[in-house]
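Accompanying notes for the structure given below.
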Amino acid sequence: MRKRQQGSQGALEIHAADVALAATFDELLAAAREAELEFRQADALSTPLPERRRLAVNLDSALTAVMRSAFAAQRAAIGPLGYDDRIYRRKAMAKPEVHALTAEAERLLTLRESHRLNGIPPAPLQPAV
């Protein structure tokens with residue numbers, strides 16, 4: 001019987017970093033929800049443009065962080081061998097738990113991109129001297 005292949009040392013280090021980042025997913029998601037709530041309230045109250053822009057950029061940063069954490073959770077669920085072996089990675093992507101993590105990460109990516117395209121107000125114009 002053959003011994004199961006192990007990932008390289010570099011893959012094990014990257015996997016450990018992804019596991020650590022994936023562990024912060026719930027905290028980052030809560031921060032993104034809070035940032036969205038602040039932005040939506042400011043938008044509803046018609047706050048000045050510079051303040052709304054600052055809140056929109058904060059929301060973009062929060063969405064980026066939670067999206068990166070979701071993709072790290074996906075890679076962590078695949079395992080360290082997935083960094084070195086593309087066939088192993090493709091097979092692991094078909095597992096239901098990895099598929100669910102991928103769907104969540106792509107949902108967050110779509111939300112962030114939609115916010116970047118439509119949600120961030122333009123920078124206020126500065127008068128020319």
Assigned charges on the beta-carbon of Lys, Arg, Asp, Glu; the chain dipole about Cα centre (debye): 660 debye
Per-pair calculated FRET efficiency, R0 = 22 Å: R116 and T24 via Cβ, rounded to 0.05: 0.50
Magnitude of the charge dipole, region 86-129, Cβ model with Lys/Arg +1 and Asp/Glu -1, debye to 20: 360 debye
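None of the figures in this text is laboratory data; all of them are computed from the coordinates on show. Everything numeric in this text was worked out from a predicted model, so none of it was measured. Virtual Cβ from ideal backbone geometry, glycine too; neighbours counted across all protein chains shown.
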